[in-house]
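Okay, structure first, notes after.
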Amino acid sequence: MLFIYGALTVGGIETFFVRMAKERFKNNLHTSILLLSKPELSNAELLSEMKKYANVIFPKDIFHGPALLCRRLPLLCQVDEERLVANLKSIDQIHVYHGMHALLGYRLAQKLKKTIPVTVGFYHYIKYLWGGDDVAWHEKLNRKFIFKYLPEESLSFFSEGNRELYIKHKKQKFEKSNTFRLGVIDKKMITLSGDIVAPVKIAAVGRLVEFKTYNFYMIDVIKELRLKGVDIQFDIYGSGQLKHQIQEKINKANLQDRIALKGTLDYSSFDSTVSNYDLFIGSGTAIIQASSLGVPSIVGVENMVEPNTYGYFCDVWQHEYNLKGLNLPLLKIEDIINEFISMEKDKRVELKEKHLDSINMFTNESCQNSMDVLKHIEMPLDDFKFNKYFYELSRIFDWFNIKFNSKHPRRTQFEDYRNINED
């Protein structure tokens with residue numbers, strides 16, 4: 001298998017790729033990953049971990065031409081076919097997240113003169129929905145390749161809820177697509193306790209980005225709880241463009257002694273760090289990993305403006321729990337925290353056990369087995385043809401448009417979800 005991605009920064013997709021490489025290594029299955037960036041842009045620990053289990057290659061390893069051009073516009077670069085074969089002769093599947101990476105993978109398969117299936121993971125529900133039809137030419141081509149050319153079996157939605165969302169918007173049935181769950185954890189022995197010691201400690205882990213609105217409204221929740229005399233601490237792990245805005249809100253609320261921005265949490269430190277907390281709030285794969293430690297985990301619904309949630313992960317794991325607007329009752333996060341604090345010890349242990357039971361569908365072994373089967377997908381016999389020069393020109397013009405046009409649909413992609421009624 002070949003993964004194609006940008007850089008191994010600390011995030012859910014990146015750590016997932018590392019876990020899959022490790023699981024495949026245990027099964028004597030070859031894995032390669034092509035990173036379209038400089039090595040130093042990846043997290044050093046993640047990159048080192050990936051190198052234990054996979055053949056890590058960079059554009060300079062398979063392309064001729066200026067390094068910057070090969071990283072930014074790989075579709076235009078000449079492939080060194082001898083080095084390509086040397087690096088990728090063993091791959092039997094190409095897996096991607098981004099549309100351009102899918103087209104690049106398709107091109108590399110052609111250069112290898114092999115029929116290698118290209119598979120796409122829908123790691124974020126809005127990835128191929130934002131903008132509707134109001135997107136640049138290259139993005140329309142991405143979606144044409146993914147939804148009209150690739151076999152449905154090549155599409156992995158990772159949940160039934162995500163597939164239903166695309167059925168609704170794309171007017172396709174996607175009957176042969178995949179909904180197996182992401183591999184996040186290895187089963188482990190956990191000792192549970194119902195005790196809590198003041199202050200009650202809550203953690204959030206993830207990128208500090210626009211759609212993870214819980215990082216903002218939790219400041220209001222902590223403020224309200226403190227006014228009511230609750231001894232509580234909230235630690236936020238992660239980095240991102242909203243770090244300074246979050247810190248400003250913390251300062252304005254005068255909660256610097258109760259809410260801390262802890263910076264990026266190392267991949268290897270997640271379990272040992274998060275297991276020391278009483279509660280977790282988050283989304284994506286981080287909430288699954290926290291649940292696997294027996295830490296009661298509150299779903300941080302993405303783009304939710306008010307401090308509301310569907311509840312604990314153990315009660316909604318079978319749904320697309322990140323997604324706003326599900327037909328599920330909304331609960332106040334402040335109420336959930338208060339109820340947790342007032343629980344009897346045995347009820348807290350029971351809640352933790354429910355979280356441990358809920359992650360059985362998210363094992364790395366199960367996911368890897370499901371992904372490996374995709375290598376048998378038959379690609380279409382007809383070639384997918386497009387003008388790579390027009391494609392890259394469209395990407396370049398759109399990059400400037402995104403940068404300078406505040407109304408670009410890429411920059412407003414979460415507004416529709418944020419405006420969903422929360423009553």
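The values are calculated or read from the model by the stated rules, or taken from the named source; none is laboratory data. This structure is a prediction, so every number in the text was calculated from the model and none was measured. No Cβ is skipped: glycine too gets one built from the backbone with ideal geometry, and neighbour counts run over all protein chains shown.
For the structure I just gave you, tell me whether Phe384 is hydrophobic (A, V, I, L, M, F, W, C), over 22 Å from the mean Cα position of the chain (by Cα) and either modelled with pLDDT under 95 or part of a helix (DSSP H, G or I) (or both).
On the way: hydrophobic (A, V, I, L, M, F, W, C): yes; over 22 Å from the mean Cα position of the chain (by Cα): yes; either modelled with pLDDT under 95 or part of a helix (DSSP H, G or I) (or both): no.
It is false that Phe384 is hydrophobic (A, V, I, L, M, F, W, C), over 22 Å from the mean Cα position of the chain (by Cα) and either modelled with pLDDT under 95 or part of a helix (DSSP H, G or I) (or both).
With the requirement that a residue be under 19 Å from Ser297 (Cα atoms), charged (D, E, K, R) and either assigned by TED's automatic domain parsing to the domain that holds Tyr267 or out of contact with any Lys or Arg (no Cβ under 9 Å at 6 or more places or on another chain) (or both), what does region 195-230 give you?
Result: Lys201, Arg207, Lys212, Asp220.
Limited to region 244-266, what total is found for residues that are of a type outside the set (Gly, Ala, Ser) and either part of a loop (DSSP other than H, G, I, E, B) or under 18 Å from Gly12 (Cβ atoms) (or both)? Working first, answer last.
Pass one, region 244-266, residues of a type outside the set (Gly, Ala, Ser): 244-252, 254-259, 261-262, 264-266.
Of the ones still in play, those that are also either part of a loop (DSSP other than H, G, I, E, B) or under 18 Å from Gly12 (Cβ atoms) (or both) are 254-258, 262, 264-266.
Of the residues in region 244-266, 9 are of a type outside the set (Gly, Ala, Ser) and either part of a loop (DSSP other than H, G, I, E, B) or under 18 Å from Gly12 (Cβ atoms) (or both).
Count, please, the residues in region 42-72 that happen to be of a type in the set (A, V, I, L, M, F, W, C), under 24 Å from the mean Cα position of the chain (by Cα) and either surrounded by 14 or more Cβ atoms within 10 Å (Cβ to Cβ) or within 14 Å of Gly105 (Cα to Cα) (or both). Working first, answer last.
Of region 42-72, the ones of a type in the set (A, V, I, L, M, F, W, C) are 44, 46-47, 50, 54, 56-58, 62-63, 67-70.
Still in the running and under 24 Å from the mean Cα position of the chain (by Cα): 44, 46-47, 50, 54, 56-58.
From what's left, either surrounded by 14 or more Cβ atoms within 10 Å (Cβ to Cβ) or within 14 Å of Gly105 (Cα to Cα) (or both): 46-47, 50, 54, 56-58.
So the answer is 7.
Among the residues of region 284-342, count how many are touching a residue at least 60 places away in the same chain (Cβ under 8 Å) and among the aliphatic types (A, V, I, L, M).
Here the count works out to 14.
Looking at Lys324, Lys332 in this structure, which one is outside the structural domain of Ala109 (by TED's automatic domain parsing) and surrounded by fewer than 16 Cβ atoms within 10 Å (Cβ to Cβ)? Lay out the reasoning, then the answer.
Working: Lys324 fails: surrounded by fewer than 16 Cβ atoms within 10 Å (Cβ to Cβ).
Unique residue meeting the criteria: Lys332.
What is the number of the single condition among (1) over 20 Å from Glu45 (Cβ atoms); (2) charged (D, E, K, R); (3) in contact (Cβ under 8 Å) with a residue 12 or more places away in the chain that Lys262 does not meet?
Here Lys262 clears every test but (1).
Anything in region 328-371 that is closer than 28 Å to Ile219 by Cα and of a type in the set (Val, Ile, Thr)? List them, or say none.
Ile333, Ile336, Ile337, Ile341, Val349
Which residue is nearest to the chain's Cα centre (by Cα), if the candidates are limited to region 130-186 and must be over 23 Å from Gly11 (Cα atoms) and β-branched (Val, Ile, Thr)?
Ile146
Filter region 189-206 for residues that are touching a helix residue (DSSP H, G or I) at 6+ places or on another chain (Cβ under 8 Å), part of a loop (DSSP other than H, G, I, E, B) and within 30 Å of Asp346 (Cβ to Cβ) and give the result. Write out each step before concluding.
To start, the set of residues in region 189-206 that are touching a helix residue (DSSP H, G or I) at 6+ places or on another chain (Cβ under 8 Å) comprises 190, 192-196, 200, 202-206.
If we keep only those that are part of a loop (DSSP other than H, G, I, E, B) too, we end up with 190, 192-196, 206.
Ile190, Leu192, Ser193, Gly194, Asp195, Ile196 - these are the residues of region 189-206 that are touching a helix residue (DSSP H, G or I) at 6+ places or on another chain (Cβ under 8 Å), part of a loop (DSSP other than H, G, I, E, B) and within 30 Å of Asp346 (Cβ to Cβ).
Just to be sure I understand the filter: pairs with C-beta atoms under 8 Å, separated by 6 or more residues or on different chains, first member in region 14-27 and touching a residue at least 40 places away in the same chain (Cβ under 8 Å), second member among the aliphatic types (A, V, I, L, M) and assigned to a helix (DSSP H, G or I). Which pairs pass?
Close Cβ pairs satisfying both conditions: Thr15/Leu46; Val18/Leu46; Val18/Met50; Met20/Met371.
Collect the residues in region 137-168 that are surrounded by 20 or more Cβ atoms within 10 Å (Cβ to Cβ), in a loop (DSSP other than H, G, I, E, B) and either out of contact with any Gly (no Cβ under 9 Å at 6 or more places or on another chain) or among the charged types (D, E, K, R) (or both), keeping them in residue-number order.
Those that are surrounded by 20 or more Cβ atoms within 10 Å (Cβ to Cβ), in a loop (DSSP other than H, G, I, E, B) and either out of contact with any Gly (no Cβ under 9 Å at 6 or more places or on another chain) or among the charged types (D, E, K, R) (or both): Leu150, Ser159.
So in region 387-409, with the set limited to residues that are outside any helix (DSSP H, G or I) and either loosely packed, with under 15 Cβ neighbours inside 10 Å or among the β-branched types (Val, Ile, Thr) (or both), which one is modelled with the highest pLDDT?
Filtering region 387-409 for residues outside any helix (DSSP H, G or I) gives 387, 405-409.
Okay, now just the ones that are also either loosely packed, with under 15 Cβ neighbours inside 10 Å or among the β-branched types (Val, Ile, Thr) (or both), so 387, 405-407.
Values: Asn387: 98, Asn405: 94, Ser406: 92, Lys407: 91.
Here the residue is Asn387.
In region 305-321, how many residues are part of a loop (DSSP other than H, G, I, E, B) and within 19 Å of Ile202 (Cα to Cα)? Can you show your working first?
If we filter region 305-321 for residues that are part of a loop (DSSP other than H, G, I, E, B), which is where we start, we get 305-307, 310-311, 317-321.
Within this subset, residues satisfying the condition of being within 19 Å of Ile202 (Cα to Cα) are 306-307, 310-311.
Within region 305-321, residues that are part of a loop (DSSP other than H, G, I, E, B) and within 19 Å of Ile202 (Cα to Cα) number 4.
Within region 267-278, is even one residue surrounded by fewer than 19 Cβ atoms within 10 Å (Cβ to Cβ), modelled with pLDDT of 95 or more, in a loop (DSSP other than H, G, I, E, B) and hydroxyl-bearing (Ser, Thr, Tyr)?
yes
Gln413 - would you say it is within 19 Å of the chain's Cα centre (by Cα), surrounded by fewer than 16 Cβ atoms within 10 Å (Cβ to Cβ), part of a loop (DSSP other than H, G, I, E, B) and modelled with pLDDT under 95?
Values: within 19 Å of the chain's Cα centre (by Cα): yes; surrounded by fewer than 16 Cβ atoms within 10 Å (Cβ to Cβ): no; part of a loop (DSSP other than H, G, I, E, B): yes; modelled with pLDDT under 95: yes.
No, not satisfied.
Touching a residue at least 60 places away in the same chain (Cβ under 8 Å) and touching a Phe, Trp or Tyr at 6+ places or on another chain (Cβ under 7 Å), is that true of Ile185?
Numbers: touching a residue at least 60 places away in the same chain (Cβ under 8 Å): yes; touching a Phe, Trp or Tyr at 6+ places or on another chain (Cβ under 7 Å): yes.
Yes: the conditions hold for Ile185.
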